[in-house]
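Structure, as structure tokens:
The values are calculated or read from the model by the stated rules, or taken from the named source; none is laboratory data. From a predicted model like this one, the values you see are computed outputs, not experimental measurements. Cβ placement follows ideal geometry from the backbone for every residue including glycine, while neighbour counts extend to all protein chains displayed.
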Amino acid sequence: MKKYIIFFFSIFLLLLNITYAYEIDLNNEIISFDKIENFNLQGFTTTDKYLFLVLVERDDKSSIIMIYNLDDYKLVKTIFYSSLGHANDVTYNRKTDKIYVLRGNGSSLVDVFNGESFQYEETIDVKLPIRSITYVDTKDEYYVRTVATGFRLDNKFKLASKIPFVIGMNFNNDIGRQGWQYYNGYIYYANWSWVRLGGDGSNIIYIYNLEGKEMDYLHTSRDIGEIEGISFYKDKMILGFNGYDNKVKFYIRDIPPVLEKEKKEKINNDKEEIKNYNILNYIVLIFLVVSLCLIVKKKMCK
């Protein structure tokens, strides 16, 4: 009898591994706090020491900047600020020690803050309605995204080329397009399946090389909340969420290896595949339970 139980339990564990093969685990929560009424997390970035994040009021009329120490994850400073627009994305340039906050939502304005004092310094008009921004230190350029097209800007925020480096990203109507961040040769681009527009609340991080080729993608749990962006610190990945439990949350984890492979299925096909795995697993699990009950009953009748 014992060997039957061990066998069925092993099969069940195998099924669990198959079901969640597409998700990256988020077990190491480093920062969590209750949402401030009418404010949501938007863009964030990391410097050499700090996590710099922006909370935005729902009508985009006011903002709150919060700075956390990345050695102990304690709050260092809170700055109540006038409007930073929707603060779609934030990036940091170590060469200038400046933090750049993108107003987003069709705006071409970028607000510049000092990387040590966090004081506002100036506003730059980049002449493009950009919604994501990241500094690429190996090129000394800024890679930016309009709705579904990526451009390169030089270190003066002028077009480095009129030819986009990537075209046609994510035309799905239910996608909430978020921030992106450069790391070690790749751009990590966060997306959320927008519930109000018919999405299922799942999160996906597309990974592009600097030539605009989609190399890979990562899923997070659809139960954790709306992903707002991704950043990096000491060879770790930091992800930020507006949680479904009315909290703002940040997690840190190892960076999965990026492997060049055949282009994966589109996100809708992938969701359907995961759904089919779940249905199959439930059917198999029911079969295993029924089989175990019949075996037990047969043993008892002997």
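Suppose the filter is acidic (Asp, Glu) and under 22 Å from Tyr217 (Cβ atoms); does Glu57 pass it? No: the conditions fail for Glu57.
The listed residues are Lys77, Lys61, and the only one of them that is loosely packed, with under 15 Cβ neighbours inside 10 Å and modelled with pLDDT of 95 or more turns out to be Lys77.
Restricted to the stretch 170-219, the set of strands (runs of 3 or more DSSP E) holding at least 2 residues that are touching a Ser or Thr at 6+ places or on another chain (Cβ under 6 Å) and under 19 Å from Ile24 (Cα atoms) comprises 175-183. Restricting attention to the stretch 22-40 and to residues that are out of contact with any His (no Cβ under 8 Å at 6 or more places or on another chain) and assigned to a strand (DSSP E or B), the residue that is surrounded by the fewest Cβ atoms within 10 Å (Cβ to Cβ) turns out to be Asp34.
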